[in-house]
Structure formats: C-alpha cells, structure tokens
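A quick write-up on the structure given underneath.
The values are calculated or read from the model by the stated rules, or taken from the named source; none is laboratory data. Computed from a predicted structure; not experimentally measured. When we count neighbours, we look across all protein chains shown, and the Cβ atoms used for this are built from the backbone with ideal geometry, even at glycine.
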Amino acid sequence: MTSTDPGAGFGAPAPVSPDGFESTPQRLRRTLRTRPAEGPARRVFQQAADMFRGDDYPQSLAEAAAGVQQPVTTGRRIAVIGSRGGAGRTTAAALLARTFASLRADAAAAVDLTEAGTLALRLGAPEAPPLDAAAARLGRTIPGSLADLRGFVTSPGPENLLVTGRRAFPGTQTATDDDALHLSRVLSRYCPVTLFDCPPGLGGLTGQRDQVRWALQEAHLALYVTPASVAGLDDAALAAELWRRDPALTGVPLLVLLTRTSPRSPFNLAAEARRLSRSGVDTAVLGYDAHLAAGVEIQPRLLSRAARLQGTQLAAHVLSAASAAPGMPARPAAARRADTGSGTGRRARA
C-alpha cells in the first residue's frame, strides 16, 4: 500500500507508506530505469566477437554523431506524429531529444502536446510544467538568455535539454493560443531543435485533432511513426498518399519511421524501409530495444548497440531533412482566427 499525493507530478513515484511498502509500479520503475537493454552475457559475447572480426560500428556511430552535430542556422521544429497509439511516437520523440541534447553543445526542446502524455516522464522530468502553464507565466515577453528560459520550463539534465509536461485538460488551460504559440517560438529561438510530441491520429489534418495541425503549421519536418505491421505499413502508405495530394502539406517534408514494437515481429525492417523508399517515401527504422520498451526514463548508456546507432542515425537524418526544408508558410491572421472560433479550435496551438 502507498499513500498518494495529488500534488505529485505525473509519473512521479508516490511517497512510500509508513509501513515501508511500495507499489508494483514504483518497484518496476525503480528497477527498469537502471536495467540495460543488453545483459552482461550478451555484452561479453559482443566484445569477444569484436576481437575476431572487423567491426565498423565505431566508425558508423561517429559518422552519425557528426550528422547530429551539423550547424543549424535557424531553429528547426519537428512534429512527431502517428495514426495510432503504441507505435512508439513518444519513445521516438524522447530518444531524439536525448540524442540531440547529448551530442550537441547547444540546446534542444521537447514539447508534449497530448493531454495524457508521458514525454516528460520518459525524459526524467515528471513534474515539468504543461505548455499552457509555462506560456501563461511567460506571457509575451522574451527571456534574455537560455538560463532565463529555463525558469519557465524544466531542464532535467543534461542542462541543454528543455522539457514541458503534458497539456492541460480542456477547461483548465491558463494561456491563450497565441501565448502558447509564442512560447513554442521562443523555445525555437534558443534551441536549434524543438520536438513536438503530438496526439495519435491523422484527424488533425482535416480539423478534428487541432494539436496535430498546429504542430504541422509550425514544423519544418513531420516524423510519422508507425509500427512494422500489416496495419502500420498500410498507415504509412496512407500518410504518404495524403502528403502527395494535400497542397497544405507540401511545405513540410514527411519522414516515415518504422518501429519494431515486439522482439518477435515477423517483419524485416530494412526490407520494408527499402520498399517504401522505392515508392518515393523517405523512411528510417528503429528496431526493438528492451530499455526503450520498458516505458521509463530513457538513458542512452542503457541502450543496446543497435538502438544507440539507429537512434543517432535517426537524429542525423531528421536534422538533415528539417534543415533543408523551408517549413509551412505562415497562415493569414484571418485563417487563424477562424480556427480558434470553431469547436476545439480554441486549443489548436496550445
């Protein structure tokens, strides 16, 4: 049994009860957050095998890291989207944020646009203030430095990683749409890379999920995360077709990320990625990793070798594609006012 604290941050362990017992979620989080993806036997075997065969892993990792460290002239914003839950969308956003913050000397920001999101938890900042609360405090001011900006969001470590918590539920928001938009642009001003973790679903592209549409209007790249499954691959083809025939999306490049959500998936990620690439769809892959699948704070040192390399290559790919893109054209003020006047449009950019 444990006591609960309604003021505790989302995902934060509840205080242990006086009798000293902890709940199963507490115990598992405490255990899994320090468990590496590869066990000791696997690591020893890998090291022994590397002694007797050529290994290009260090060179590949160094090349990918160099891509992550390429100069960025203006802040790039990436909308991480997907058509269904459980595909690894938040995992991909958190992994990218950690990778950028770890390998770059400048700052990276991670913004949660979902109302029940776990992005802040995955980044070790369960008490991070929601975008709405941070925007309300900031108002229309512009902090004079990155250090001042940290006072409005959370920097869980490393210090160059800035994080906002999950969005406030409808009816509890304290900031206007324009205030939230202002905060996202301030983050982008100080952070060469800003990641938006969007709710699942493509309805936002037709006006049903405004958070998705809002993020895409601000983005230089859309990272579409989908599992390597029958339904997931069908979703990827659907998204690619939507991008081809919707003029409103042509200003934002689409990068599909195929994920393996189970270690026993029958699909070959590399083969499916090549098939999508041949059809004109820019595609990257992220294989199964036990540490990422645990759903706890992401620690790069606990990733498997394969996941560390794929995550670094993905970050380099994302940054290269986003740097080459002009992003969505600015929308007229009249169109923005029309959005905020329709149903849930009031929350479109919060």
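Observations, loosely collected:
- If you check 199, 266 for being assigned to a loop (DSSP other than H, G, I, E, B) and either among the small types (Gly, Ala, Ser) or more than 18 Å from the chain's Cα centre (by Cα) (or both), only one passes: 266.
- Residue identified as in contact (Cβ under 8 Å) with a residue 60 or more places away in the chain and over 17 Å from residue 92 (Cβ atoms) among 307, 294, 237, 231: 231
- Residue count, region 68-103 (criterion: crowded, with 18+ Cβ neighbours inside 10 Å and within 30 Å of residue 229 (Cα to Cα)): 22
- Breaking point among (1) charged (D, E, K, R); (2) over 23 Å from residue 224 (Cα atoms); (3) touching a residue at least 24 places away in the same chain (Cβ under 8 Å); (4) part of a helix (DSSP H, G or I), for residue 106: (4)
- Region 275-312 - residue that is touching a Ser or Thr at 6+ places or on another chain (Cβ under 8 Å) and more than 23 Å from residue 124 (Cα to Cα) and, of those, surrounded by the fewest Cβ atoms within 10 Å (Cβ to Cβ): 277
- Selected residue (criterion: nearest to residue 290 (Cα to Cα)) from residues of region 303-322 that are in contact with a His (Cβ under 8 Å, 6 or more places away or on another chain) and either at pLDDT below 50 or part of a helix (DSSP H, G or I) (or both): 307
- Of the residues screened, residue 128 is one that is over 20 Å from residue 201 (Cβ atoms) and assigned to a loop (DSSP other than H, G, I, E, B).
- Restricting the first member to region 55-83 and to residues that are under 29 Å from residue 189 (Cα atoms), and the second to residues that are exposed (fewer than 13 other Cβ atoms within 10 Å of the Cβ), the beta-carbon pairs closer than 9 Å and six or more apart or on different chains are 69/105.
- Residue match in region 216-238 (condition: of a type in the set (Val, Ile, Thr) and touching an Asp or Glu at 6+ places or on another chain (Cβ under 6 Å)): yes
- Screening residue 212 with (1) part of a helix (DSSP H, G or I); (2) surrounded by fewer than 23 Cβ atoms within 10 Å (Cβ to Cβ); (3) of a type in the set (A, V, I, L, M) gives one miss only, at (2).
- Considering (1) under 24 Å from residue 122 (Cβ atoms); (2) over 16 Å from the mean Cα position of the chain (by Cα); (3) polar (S, T, N, Q), the lone condition that residue 194 does not fulfil carries the number (2).
For (1) within 21 Å of residue 121 (Cβ to Cβ); (2) aromatic (Phe, Trp, Tyr); (3) at pLDDT below 95, each residue gets a yes or a no:
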{"residue": "142", "(1), (2), (3)": "no, no, yes"}
{"residue": "152", "(1), (2), (3)": "yes, yes, yes"}
{"residue": "157", "(1), (2), (3)": "yes, no, yes"}
{"residue": "163", "(1), (2), (3)": "yes, no, no"}
{"residue": "177", "(1), (2), (3)": "no, no, yes"}
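- Output for region 225-283, where each listed residue is among the hydroxyl-bearing types (Ser, Thr, Tyr) and more than 19 Å from residue 212 (Cβ to Cβ): 229, 261, 262, 265, 277, 279, 283
- For region 119-149, the tally of residues that are touching an Asp or Glu at 6+ places or on another chain (Cβ under 8 Å) and under 30 Å from residue 66 (Cα atoms) stands at 6.
- Residue among 144, 157, 117 that is outside any helix (DSSP H, G or I) and crowded, with 21+ Cβ neighbours inside 10 Å: 117
- Of all residues in region 269-290, exactly one satisfies the criterion of being in a helix (DSSP H, G or I) and in contact with a Lys or Arg (Cβ under 7 Å, 6 or more places away or on another chain), namely 269.
- Qualifying residue in region 233-248 (condition: assigned to a helix (DSSP H, G or I) and among the aromatic types (Phe, Trp, Tyr)): yes
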